[in-house]
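A.B. asks: First the structure, then my questions, so here it is.
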Amino acid sequence: MTPDLSQANPQSIWKNQPIGQRPMTAAEVRERARRYGRRKRTEAIVGIALGVLAVAIGLVVELFVLTATMPRLIVGAAIVLVGVAIRREALQPGLNSTSAACLEFYRKALELRRRQLAISIDLWLGMAAFVALLIRPLPGIPWYFYVMLGSLLALLFAVRFRGARKASRELDAVNELLAAD
Amino acid sequence: VRPNQDELYEDAAKTFGPALERLTRAYEADPDKRQELLHEVHIAVWRSFKRYEARCSVRTWVYRVAHNVAASHVARHQRARSRRLVSLEDLEMTDPLDQERETGDRMALTRLLDLIHQLKAPDAQVMLLYLEDLDAAAIGEIMGLSPGAVRVQIHRIKAVLKRRFHGEPS
């Protein structure tokens, strides 16, 4: 049977959907806010501490334990990835309770994202230099390793560049909307 | 005497609680994450009332805070979402004829949510405020747009909804 939605009123459908929550009291929300803040702080501290520890152990292994080229490369790559994860954890924004107009808030978030993507390109360049410094004295690195490293970096740059351009385009659209207003 | 943070929050939670729950349903499809988002919205609204100076209505304040929290949540979890976000223009271009016909309020609601989940934040926000039955002036104050610009958006939203629900050309 073909359903008939011709009488459907989106506004009444929207407002009449079943709601399950009872309103929270101020005491409940205060307690939740306290627990939420504590959980987020703990997660951030544990994440960053574990990451720093992993990098430290990795560096010790890299510089003083391993001698063969391939294991050193693998550990070096792992250190870079953990470094990126620590940075991401450290940059994680907290709960924002701003009452700015929504479009202005969205514009600022896009601007921040565009800037962060542009900065992350510099970060990856720095990481690549770090890897190059670590592996330079190692013997027996095949030529295709550099090709693979170059390709990986090119791919990462392309993804970030695309993201930055997408954010830029969206930003232009929002600015246009605000300017036309 | 101005009401304090707790009083403002409790009044707002009573008045706008259902709207906030509907709002989180529109921003987050996963039930567990939605519950977490709803708590984040309530915490943010409660915290924000510390700074409330009655320069705008409580309704505008609550909707602004809630939409901003929800938009941040979407941005944070965007990588986990498989669906590509589109603008109202893209939806205006799509052909509704090839869509499966569904029936009942539940199906209509599913369709409505599906539509909202596809939209980019500003378009979704205007649509949600329209569905909450706010007028153009109120939506404009929340969004930071003039009522005229909001009316244009609403006109386009209505056209999209008409095509989705009634299969009429825009």
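The values are calculated or read from the model by the stated rules, or taken from the named source; none is laboratory data. Source: prediction; values computed, not measured. Quick reminder, even Gly has a Cβ in these numbers, built from the backbone with ideal geometry, and neighbours come from all protein chains shown. The protein model used for the area step is the full one, side chains on, heavy atoms only, and it has no ligands, DNA or RNA in it. Shrake-Rupley method; radii C 1.70, N 1.55, O 1.52, S 1.80 Å.
A.B. asks: Only one of (1) buried (at least 20 other Cβ atoms within 10 Å of the Cβ); (2) more than 7 Å from every other protein chain (Cβ to nearest Cβ) fails for B:PHE165. Which number is that?
C.D. replies: Of the numbered conditions (1) buried (at least 20 other Cβ atoms within 10 Å of the Cβ); (2) more than 7 Å from every other protein chain (Cβ to nearest Cβ), the odd one out for B:PHE165 is (2).
A.B. asks: Does B:ALA124 satisfy the condition of being assigned to a helix (DSSP H, G or I), within 7 Å of another protein chain (Cβ to nearest Cβ) and either modelled with pLDDT under 85 or within 11 Å of the chain's Cα centre (by Cα) (or both)?
C.D. replies: Values: assigned to a helix (DSSP H, G or I): yes; within 7 Å of another protein chain (Cβ to nearest Cβ): no; either modelled with pLDDT under 85 or within 11 Å of the chain's Cα centre (by Cα) (or both): yes.
Spelling it out, it is not the case that B:ALA124 is assigned to a helix (DSSP H, G or I), within 7 Å of another protein chain (Cβ to nearest Cβ) and either modelled with pLDDT under 85 or within 11 Å of the chain's Cα centre (by Cα) (or both).
A.B. asks: I would also like to ask the following. Would a scan of region A:43-51 turn up a residue that is at pLDDT below 85 and within 30 Å of A:ILE141 (Cα to Cα)?
C.D. replies: Yes, the conditions are met somewhere in region A:43-51.
A.B. asks: Follow-up. The conditions are (1) within 14 Å of chain B (Cβ to nearest Cβ); (2) closer than 30 Å to B:GLY144 by Cα; (3) not aromatic (Phe, Trp, Tyr), and A:VAL159 fails exactly one of them. Which is it?
C.D. replies: All conditions pass for A:VAL159, except number (2).
A.B. asks: Given the conditions (1) open to solvent by less than 10 Å² (accessible area, probe 1.4 Å); (2) more than 8 Å from chain A (Cβ to nearest Cβ); (3) closer than 24 Å to B:GLY140 by Cα, report the number of the one that B:ARG55 does not fulfil.
C.D. replies: Checking B:ARG55 against (1) open to solvent by less than 10 Å² (accessible area, probe 1.4 Å); (2) more than 8 Å from chain A (Cβ to nearest Cβ); (3) closer than 24 Å to B:GLY140 by Cα, the one that fails is (1).
A.B. asks: Here is a further query. Scan region B:7-15 and give yes if some residue there is facing another protein chain (nearest Cβ under 7 Å), surrounded by fewer than 16 Cβ atoms within 10 Å (Cβ to Cβ), in a helix (DSSP H, G or I) and without any contact (Cβ under 8 Å) to a residue 12 or more places away in the chain, otherwise no. Steps first, please.
C.D. replies: First pass over region B:7-15, keeping only residues facing another protein chain (nearest Cβ under 7 Å): B:9-10, B:13-14.
Add one more test, that the residue is surrounded by fewer than 16 Cβ atoms within 10 Å (Cβ to Cβ), and what stays is B:14.
Those left that are additionally in a helix (DSSP H, G or I): B:14.
Next, from what is left, pick out any that are without any contact (Cβ under 8 Å) to a residue 12 or more places away in the chain: B:14.
Checking region B:7-15: at least one residue is facing another protein chain (nearest Cβ under 7 Å), surrounded by fewer than 16 Cβ atoms within 10 Å (Cβ to Cβ), in a helix (DSSP H, G or I) and without any contact (Cβ under 8 Å) to a residue 12 or more places away in the chain.
A.B. asks: Restricting to region B:16-41, and then to whatever is among the acidic types (Asp, Glu) and open to solvent by less than 60 Å² (accessible area, probe 1.4 Å), can you tell me which residue is farthest from the other protein chains (Cβ to nearest Cβ)?
C.D. replies: Initial filter on region B:16-41 (among the acidic types (Asp, Glu)): B:21, B:28, B:30, B:32, B:36, B:40.
Those left that are additionally open to solvent by less than 60 Å² (accessible area, probe 1.4 Å): B:21, B:28, B:40.
On the way: B:GLU21: 5, B:GLU28: 14, B:GLU40: 6 Å.
That would be B:GLU28.
A.B. asks: Being among the hydrophobic types (A, V, I, L, M, F, W, C) and surrounded by fewer than 17 Cβ atoms within 10 Å (Cβ to Cβ) is the filter; apply it to region A:99-120 and report the residue that is farthest from A:VAL174 (Cα to Cα).
C.D. replies: First pass over region A:99-120, keeping only residues among the hydrophobic types (A, V, I, L, M, F, W, C): A:100-103, A:105, A:109-110, A:112, A:117-119.
Restricting the remaining residues to those that are surrounded by fewer than 17 Cβ atoms within 10 Å (Cβ to Cβ) gives A:100, A:112, A:118-119.
On the way: A:ALA100: 15, A:LEU112: 14, A:ALA118: 20, A:ILE119: 22 Å.
Within region A:99-120, the match that is farthest from A:VAL174 (Cα to Cα) is A:ILE119.
A.B. asks: Only residues that are open to solvent by 40 Å² or more (accessible area, probe 1.4 Å), among the small types (Gly, Ala, Ser) and under 23 Å from the mean Cα position of the chain (by Cα): list them for region A:50-86, please.
C.D. replies: A:ALA54, A:ALA56, A:ALA77, A:ALA78, A:ALA85
A.B. asks: Condition first: open to solvent by less than 70 Å² (accessible area, probe 1.4 Å) and under 21 Å from B:GLU21 (Cα atoms). Now tell me which residues in region A:32-49 satisfy that.
C.D. replies: A:ALA33, A:TYR36
Residue by residue, here is whether (1) part of a helix (DSSP H, G or I); (2) within 30 Å of B:LEU161 (Cα to Cα); (3) touching a residue at least 12 places away in the same chain (Cβ under 8 Å) holds:
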| site | (1), (2), (3) |
| --- | --- |
| A:SER12 | yes, yes, no |
| A:PRO18 | no, yes, no |
| A:GLU31 | yes, no, no |
| A:LYS40 | yes, no, yes |
| A:VAL52 | yes, no, yes |
| A:ILE86 | yes, no, yes |
